[in-house]
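To start, the structure itself, in structure tokens.
The values are calculated or read from the model by the stated rules, or taken from the named source; none is laboratory data. What you are looking at is a predicted structure, and each value in this text was computed from that prediction instead of being measured. When we count neighbours, we look across all protein chains shown, and the Cβ atoms used for this are built from the backbone with ideal geometry, even at glycine. To get the accessible areas, we keep the full protein, side chains included, count just its heavy atoms, and leave off ligands, DNA and RNA. Shrake-Rupley method; radii C 1.70, N 1.55, O 1.52, S 1.80 Å.
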Amino acid sequence: MIYLDNAATSFPKPENVYRALDAFARQSLANPGRAGHRMALAAEHTLDDARHRLNQFFHGQAPEQFIFTLNCTDALNMAFKGILQSGDHVITTDLEHNSVSRPLRAMEKEGFITLTRVPAANGGTVDPDAIRRAIRPQTRLVAVTHASNVLGTVQPIGQIGQITRERKVLLVVDAAQTAGVVPIDVQELGIDMLAFPGHKSLLGPTGTGALYVRPGLALKAWREGGTGGDSASETQPNEWPYFLEGGTPNVLGVAGLLAGLKYVEEHRLDAIHRHEVDLVERLWRRLDELPGFEVFGHRDHSRRVGTISFRSDSLPAAELGGILDQAFNIAIRPGLHCAPYIHRAIGTFPEGAVRVSPGPFSTEADIDRLSEALTEITA
Ligand SMILES: Cc1ncc(COP(=O)(O)O)c(C=O)c1O
């Protein structure tokens with residue numbers, strides 16, 4: 001299978017990730033616990049090690065501010081439901097994935113918050129001034145994706161962070177499409193909470209993700225339960241990260257995520273980014289030559305990740321995806337990509353578009369094979 005669906009989850013994983021998962025599962029897969037036996041302590045050490053490395057990687061203020069989650073969706077829910085209060089106004093954008101849009105829309109429908117959705121300008125980038133103009137006295141939080149999972153366009157988070165800092169509004173960033181391929185310095189960018197998956201460009205297994213919370217932010221407890229210590233406490237202990245991490249964590253997944261992070265650091269994030277963007281540009285050039293294809297999003301490659309979406313005049317996206325899968329053994333993602341608002345904005349709702357997202361192990365030959373298949377199918 002030629003796998004070009006890395007925006008959903010990366011595949012394959014680097015060899016060191018497979019090795020780390022195998023070794024950890026065979027030797028260290030105890031239930032982590034601060035007050036436990038040696039194997040429990042070793043498992044706890046893996047969680048600590050991963051938190052330290054993530055803290056360095058994203059330039060956080062302290063490792064214990066990284067809370068492990070099931071995925072990016074879980075991290076975003078933890079952020080919104082932990083911080084928002086009745087009567088708050090929230091600003092978001094039409095580029096968002098449903099993991100941002102749905103929890104916020106549900107709170108709006110309940111009458112708990114009010115919500116403004118700022119449209120992305122032509123080409124798929126949000127204008128920071130549009131966010132500035134949307135701020136009201138009740139505005140508590142701005143929630144924005146770092147890169148569109150449909151268009152691949154990277155958003156001006158630094159400029160948005162400057163505005164939210166000046167106006168004393170919280171900034172929550174969904175880094176699902178950038179963590180591991182675009183540098184993120186949470187302090188420099190003014191990010192209060194950063195949600196990211198471990199299973200996409202950080203190259204860990206599914207079932208991993210994290211939320212970074214700037215120290216000093218008071219969130220409501222999430223998943224209250226056992227924390228491997230402080231068992232006498234009647235309620236969730238106040239100590240971070242345990243305050244937000246009830247229950248047995250996915251320590252095996254975190255061992256894989258740690259290995260994925262090491263791979264990204266060794267092979268350099270900028271080189272991986274360049275490789276993926278070059279492959280997208282190669283496909284884009286082929287699509288320009290072929291009649292009947294429309295590609296969405298701006299073409300400035302310094303402000304893109306390696307994701308491209310397009311449609312064909314002659315075949316609906318779902319049909320094109322099915323033929324590529326069944327007849328050509330190529331995995332791409334047709335449809336709405338859990339991001340209905342941006343599909344409405346670009347005119348591809350409800351049938352959606354075809355999304356292609358190469359990863360670090362994709363090759364020029366993979367892209368050429370896809371281009372040939374598209375030529376053949378639409379001829
Ligand atoms: C922009 C964006 N946000 C959030 C998510 C949700 O990530 P997860 O599947 O890890 O919950 C995705 C997944 O594709 C995404 O692309």
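Out of the helices (runs of 4 or more DSSP H) lying entirely within the range 1-115, which hold 1 or more residues that are under 30 Å from Leu324 (Cα atoms), within 16 Å of the ligand (Cβ to nearest atom) and in contact (Cβ under 8 Å) with a residue 60 or more places away in the chain?
Values: elements: 15-27, 38-57, 72-83, 98-109.
Passing ranges, in order: 72-83, 98-109.
Would you please name the residue that is least open to solvent (accessible area, probe 1.4 Å), looking only at residues in the range 323-353 that are within 22 Å of Arg282 (Cα to Cα) and within 16 Å of the ligand (Cβ to nearest atom)?
In the first step, residues of the range 323-353 are kept if they are within 22 Å of Arg282 (Cα to Cα); the result is 323-325, 328-334, 353.
This time we only want the ones that are within 16 Å of the ligand (Cβ to nearest atom), so: 331-334, 353.
Values: Ala331: 20, Ile332: 19, Arg333: 99, Pro334: 42, Ala353: 0 Å².
Once the filter is applied, the top-ranked residue is Ala353.
For the range 143-179, enumerate the residues that are more than 16 Å from the ligand (Cβ to nearest atom) and among the charged types (D, E, K, R).
Arg165, Glu166, Arg167, Lys168
When residues of the range 158-170 are filtered for being surrounded by fewer than 24 Cβ atoms within 10 Å (Cβ to Cβ) and in contact (Cβ under 8 Å) with a residue 12 or more places away in the chain, how many remain?
Summing the residues that are surrounded by fewer than 24 Cβ atoms within 10 Å (Cβ to Cβ) and in contact (Cβ under 8 Å) with a residue 12 or more places away in the chain in the range 158-170 gives 9.
If Arg268 passes every condition in (1) under 21 Å from the mean Cα position of the chain (by Cα); (2) within 30 Å of Leu141 (Cα to Cα) but one, which one does it miss?
Only one criterion is unmet by Arg268, namely (2).
Tell me, yes or no, whether the range 231-243 has at least one residue that is open to solvent by 30 Å² or more (accessible area, probe 1.4 Å) and within 16 Å of the ligand (Cβ to nearest atom).
Checked against the condition, which is being open to solvent by 30 Å² or more (accessible area, probe 1.4 Å) and within 16 Å of the ligand (Cβ to nearest atom), the range 231-243 yields no hits at all.
Out of the range 181-207, which residues are of a type in the set (A, V, I, L, M, F, W, C) and in contact (Cβ under 8 Å) with a residue 40 or more places away in the chain?
In the first step, residues of the range 181-207 are kept if they are of a type in the set (A, V, I, L, M, F, W, C); the result is 181-182, 184, 186, 189, 191, 193-196, 202-203.
Those that are of a type in the set (A, V, I, L, M, F, W, C) and in contact (Cβ under 8 Å) with a residue 40 or more places away in the chain: Val181, Val182, Ile184, Val186, Met193, Leu194, Ala195, Phe196, Leu202, Leu203.
Restricting to the range 153-202, give me the number of residues that are at positive phi and more than 12 Å from the chain's Cα centre (by Cα). Walk me through it before giving the result.
Filtering the range 153-202 down to residues at positive phi leaves 168, 180, 190.
When the remaining residues are screened for being more than 12 Å from the chain's Cα centre (by Cα), the result is 168, 190.
Here the count works out to 2.
Please enumerate the residues belonging to the range 119-139 that are within 16 Å of the ligand (Cβ to nearest atom), out of contact with any Pro (no Cβ under 9 Å at 6 or more places or on another chain) and aliphatic (A, V, I, L, M).
Within the range 119-139, Ala120 is the sole residue that qualifies.
Quick check on Arg304: is it open to solvent by less than 30 Å² (accessible area, probe 1.4 Å), in contact (Cβ under 8 Å) with a residue 12 or more places away in the chain and among the basic types (Lys, Arg)?
yes
Which pairs do you get when a residue that is free of Cβ contacts under 8 Å to residues at least 40 places away in the same chain, found in the range 123-135, comes within reach of a residue that is open to solvent by less than 20 Å² (accessible area, probe 1.4 Å) and not aliphatic (A, V, I, L, M), reach meaning Cβ atoms under 6 angstrom, with the pair 6+ apart or on two chains?
Val126/Thr93; Val126/Gln155
Across the range 196-216, what is the number of residues that are open to solvent by less than 20 Å² (accessible area, probe 1.4 Å) and part of a loop (DSSP other than H, G, I, E, B)?
5
Say we look at the range 64-114 and pick out the residues that are farther than 28 Å from Ala345 by Cβ and small (Gly, Ala, Ser); which of these is least open to solvent (accessible area, probe 1.4 Å)?
Within the range 64-114, the match that is least open to solvent (accessible area, probe 1.4 Å) is Gly82.
Considering only the range 291-322, state which residues are more than 16 Å from the ligand (Cβ to nearest atom) and among the hydrophobic types (A, V, I, L, M, F, W, C).
The answer is Phe293, Val295, Phe310, Leu315, Ala317, Ala318, Leu320.
In the set Val251, Val277, which member is touching a residue at least 60 places away in the same chain (Cβ under 8 Å) and away from the ligand (no atom under 16 Å from the Cβ)? Let's see the steps before the verdict.
On the way: Val277 fails: touching a residue at least 60 places away in the same chain (Cβ under 8 Å).
The unique qualifying residue is Val251.
So which residues in the range 47-80 are among the hydrophobic types (A, V, I, L, M, F, W, C) and under 20 Å from Ser201 (Cα atoms), if there are any at all? Full working, then the answer.
So in the range 47-80, the residues among the hydrophobic types (A, V, I, L, M, F, W, C) come out as 47, 50, 54, 57-58, 62, 66-68, 70, 72, 75-76, 78-80.
The answer is Leu47, Ala50, Leu54, Phe57, Phe58, Phe66, Ile67, Phe68, Leu70, Cys72, Ala75, Leu76.
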